[in-house]
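Before I ask anything, let me first share the structure, which is written out below as structure tokens.
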Amino acid sequence: MIRKEEVYKIGIFNKPHGIHGELSFTFTDDIFDRVEAEYLICLLDGIFVPFFIEEYRFRSDTTALVKLEGVDTAERARMFTNIEVYFPVKHAEGAGPGELSWDFFVGFRMEEVHHGQLGEVTDVDTSTINTLFVVDYKGEELLIPAQEDFIMDIDQKHKVITVDLPEGLLALDDTEEA
């Protein structure tokens, strides 16, 4: 059984394309094209299910047409409409620096060199020019800049990001401890 911590979301199947079972796939990460992986993982009824890729071709920098093994008709392909697509973390770990999408880091623990553990990365905000890690800190939402200057280490095996943030960037309320 595939567990949530073993995968990360890379996109969604939109709808069938043509009559031979191809699916329109909108992706946020083209990792499936950059590393050796023979399958994608779909979230079906709350269960992660792997499907082998027969072939794919890009339509733009965010969409591709994907043909899955065993999906040979438009009717069968319709079952995948609006289905979330995930990628195995173990294959993504083989990617070199700069080859991972921001979504890969969701679920990582964030630690700050002076303040210790901050919490878990629950999302990555790429809506502005400055990408931000969204970190759950004791039920509060912290926004941490995802800048190389601040990132000291990324331990993919243990899923830990260590940062060294400038003083004053974190407004942690130290009065709770007193």
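What order do you get for 21-33, 60-72 when each peptide is scored by the mean count of other beta carbon atoms within 10 Å, highest first?
Packing order, densest peptide first, comes out as 21-33, 60-72.
So how many Lys-Lys pairs in the chain land under 21 Å Cα to Cα, not counting same-chain pairs under 8 apart?
11
Follow-up. Sorted by average packing, counted as other Cβ atoms within 10 angstrom per residue and highest first, what order do 34-45, 101-112 take?
Packing order, densest peptide first, comes out as 101-112, 34-45.
Express the relative contact order of the stretch 1-95 as a whole percentage, based on alpha carbon pairs under 8 Å and six or more residues apart in sequence.
Relative contact order, the stretch 1-95: 42 percent.
Taking H as built 1.01 Å from N, whose amide H comes closer than 5 Å to the amide H of F108, not counting residues under 5 places away?
Amide H to amide H, under 5 Å and 5 or more residues apart or across chains, F108 pairs with V121.
For the chain, what does -39500 (n - 2.57) per DSSP helix run (n ≥ 4), summed and divided by total residues, give at 222 nm, in deg cm²/dmol to the nearest 500?
Taken over the chain, the calculation gives -1000 deg cm²/dmol.
Relative contact order for the stretch 102-163: what is it in percent, counting Cα pairs under 8 Å that are at least 6 residues apart?
Rounded, it is 30 percent for the stretch 102-163.
May I ask you to evaluate 6.51 cos²θ - 1.76 cosθ + 1.60, the Karplus curve with θ = phi - 60°, for each residue of the stretch 120-128 and list the ³J(HN,Hα) values in order in whole Hz, giving x for glycine and proline?
Per-residue couplings from phi come out as 9, 6, 9, 6, 10, 9, 10, 6, 10 Hz.
Now a separate question. Would you please give the FRET efficiency between V113 and T81, computed as 1/(1 + (r/R0)^6) with r the Cβ-Cβ distance and R0 = 45 Å, to the nearest 0.05?
Plugging the Cβ-Cβ distance into 1/(1 + (r/R0)^6) gives 0.45.
Report the extension gain between E36 and V106 in nm, rounded to one decimal, defined as 0.36 nm multiplied by the number of residues separating them, less their alpha carbon distance.
Contour length minus Cα-Cα distance gives 23.0 nm.
Could you work out how much longer the chain between T26 and H158 gets when fully extended? Use 0.36 nm per residue separation minus the Cα distance between them, nm to one decimal.
Result for the pair: 44.6 nm of gain on full extension.
Give, as a single signed number, the net charge of other residues whose beta carbon lies under 11 Å from the beta carbon of V7, with Lys and Arg counted +1 and Asp and Glu -1.
0
Still on this structure, I have one more. Indicate, rounded to the nearest 5 percent, the antiparallel portion of the DSSP beta bridges found entirely in the chain.
Restricted to the chain, the bridges split so that about 90 percent are antiparallel.
While we're here: What list of ³J(HN,Hα) couplings, whole Hz, do you get for the stretch 31-38 from phi and the Karplus terms 6.51, -1.76, 1.60, once you set θ to phi - 60° and write x for glycine and proline?
For the stretch 31-38, the Karplus-derived couplings read 4, 4, 8, 9, 10, 6, 8, 8 Hz, x marking Gly and Pro.
Readers should treat all values here as calculations from the given coordinates under stated rules, not as data from a laboratory. Nothing here was measured: the structure is a model prediction, and the numbers come from that model. Cβ sites come from the backbone with ideal geometry, for glycine too, and all protein chains shown count toward neighbours.
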